[in-house]
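FYI, it's all coordinate maths here, none of it is from the lab. All of these numbers come straight from a predicted model, not from anything done at the bench. Methodologically, a virtual Cβ is constructed for each residue, glycine included, from the backbone with ideal geometry; neighbour enumeration extends over all protein chains shown.
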Amino acid sequence: MIVAQITDTHIVHGVPDADRRVADLARTIADINALDPLPDAIIHTGDVAHGGRPEDYALVASLFAAARAPVYVAPGNRDHREHLRAAFAGGPCRATDPSFLDYTVEDLPVRLLALDTVTTASNKGEFCADRVDRLIERIDADSTKPIAVFMHHPPYVVTVGPDPLNFTSPEAMHRLQHALQHAGRVIAVFCGHVHRSTGGWIGAIRVMVAPCTATTLRKGDFPQALRDRPIYHLHRYDPAFGFSTEARIVAMADDDDASDARSGARGAAGLDRRRHPAEHRFER
Ligand SMILES: [Fe+2]
């Protein structure tokens, strides 16, 4: 089982890099579509649209429609619950309850559980007693499979970046941590929000944070040649070892042109092979 994770696309009209954000998402989906094998699911861990406007979700929905794997979204602090739900209901958003956008994808070897950590009172995450009850109920609904949770806010102390606490209070984060460890079935948590690639632990649960898909908003130090290339995470599940995570650098159109020329030469020399898109950059 393979899960591709994208996050923090921040699609919005009327900003100088608006077109770039759209292109970053479109290129990332195209790159995922070219994977062999295809992922079993694509998860988006929130901040889909920067201002939560319906027209921005409509644009994202048109890009998601090109994906060759099912897409699932969890809301971020920049999203608008009702507009997101209206754009993606029954497809990328399977939530049916009017209060929170949380749901479970049940048809894979690992249950994928989307959590809603959003509050309109803050850009930080919240996890109230109601959400604790809902999470525990979902965990208890099936004791036969492990669970991977995806959500926007990282539920651990993130030591890179300006603010280590990404919840409204340590108590809110601890409530969520405690609930995630209920029954010992959650094996991984996938998040966004801090716009950089990092990770941590909640007890024995691995937490991975994917970098921002919008390259203009991405944090971290990258060489110039990689600054316009989206990076996303591939989480591969092995029943014996759990998840391993790989960062993928998105291929660009000029890579393909150069690749075609090179693979022609290779084919003639009997050296052709399928190559990782990220290899293109370093092969000169
Ligand atoms: Fe964000």
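By per-residue mean of other Cβ atoms within 10 Å, what is the highest-first order of 73-83, 180-190, 133-143, 100-110? Intermediate results must be reported in sequence, preceding the final value.
Values: 73-83: 23.5, 180-190: 19.2, 133-143: 14.5, 100-110: 17.0.
Averaged packing, sorted descending, gives the order 73-83, 180-190, 100-110, 133-143.
Around Gly76, under 9 Å between beta carbons, what's the net of Lys plus Arg minus Asp minus Glu among the other residues? Can you show the working numbers first?
Details: positive: Arg78; negative: Asp8, Asp47, Asp79.
Result for the neighbourhood of Gly76: -2.
Find the percent of Cα-Cα distances in the chain that exceed 30 Å, and round it to a whole number. Spell out each step's value before the answer.
Details: 11359 of 40186 pairs.
Cα-Cα pairs in the chain separated by more than 30 Å: 28 percent.
Using all C-alpha to C-alpha distances in segment 1-77, build P(r) with 5 Å bins and read off the rounded percent in each one.
The distribution over segment 1-77 is 3, 16, 29, 26, 15, 7, 3, 0, given as percents.
Rounding to the nearest 20 debye, state how big the charge dipole of segment 100-203 is about its Cα centre with +1 on each Lys and Arg Cβ and -1 on each Asp and Glu Cβ. It would help to have the intermediate numbers written out before the result.
Working: 9 positive and 12 negative charges, 61 e Å.
It comes to approximately 300 debye.
With +1 on each Lys and Arg Cβ and -1 on each Asp and Glu Cβ, how big is the dipole of the chain about its Cα centre, in debye rounded to the nearest 20? Mind showing how you got there, number by number?
On the way: 32 positive and 37 negative charges, 99 e Å.
Computed charge dipole of the chain: roughly 480 debye.
All other residues with a Cβ under 10 Å from the Cβ of Asp47 taken together, and with Lys, Arg as +1 and Asp, Glu as -1, what is their net charge? It would help to have the intermediate numbers written out before the result.
On the way: positive: Arg78; negative: Asp8, Asp79.
Computed value for this residue: -1.
If we sort 191-199, 85-93 on the protection proxy, mean other Cβ atoms within 10 Å, highest first, what's the order? Intermediate results must be reported in sequence, preceding the final value.
Details: 191-199: 22.6, 85-93: 17.7.
The densest-packed peptide leads the list: 191-199, 85-93.
Measuring from centroid to centroid over Cα atoms, what is the spacing of segment 1-47 and segment 96-151 in Å?
Centre-to-centre distance over Cα atoms comes out at 22 Å.
Find the centroid of the Cα atoms in segment 155-193 and in segment 204-257, then give the distance between the two in whole Å.
Distance between centres, Cα-based: 21 Å.
For the chain, give the share of DSSP beta bridges that are antiparallel, in percent and rounded to the nearest 5; count only bridges with both residues there. Before the final figure, lay out the partial values.
Numbers: 21 of 43 bridges.
Antiparallel bridges make up about 50 percent of those DSSP assigns within the chain.
Highest first, please rank the peptides 204-210, 114-120 by the mean number of other Cβ atoms sitting within 10 Å of their residues. Before the final figure, lay out the partial values.
Numbers: 204-210: 21.6, 114-120: 23.3.
Per-residue mean Cβ counts within 10 Å order the peptides as 114-120, 204-210.
Are there any helices in the chain, counted as whole DSSP H runs, that stretch 18 Å or more along their axis by Cα and score at least -0.5 on average by Kyte-Doolittle, and if so which?
Working: long enough: 18-33 (23 Å, -0.25); 253-269 (24 Å, -1.06).
Taking the DSSP H segments of the chain (at least 18 Å long, mean hydropathy at least -0.5), we get 18-33.
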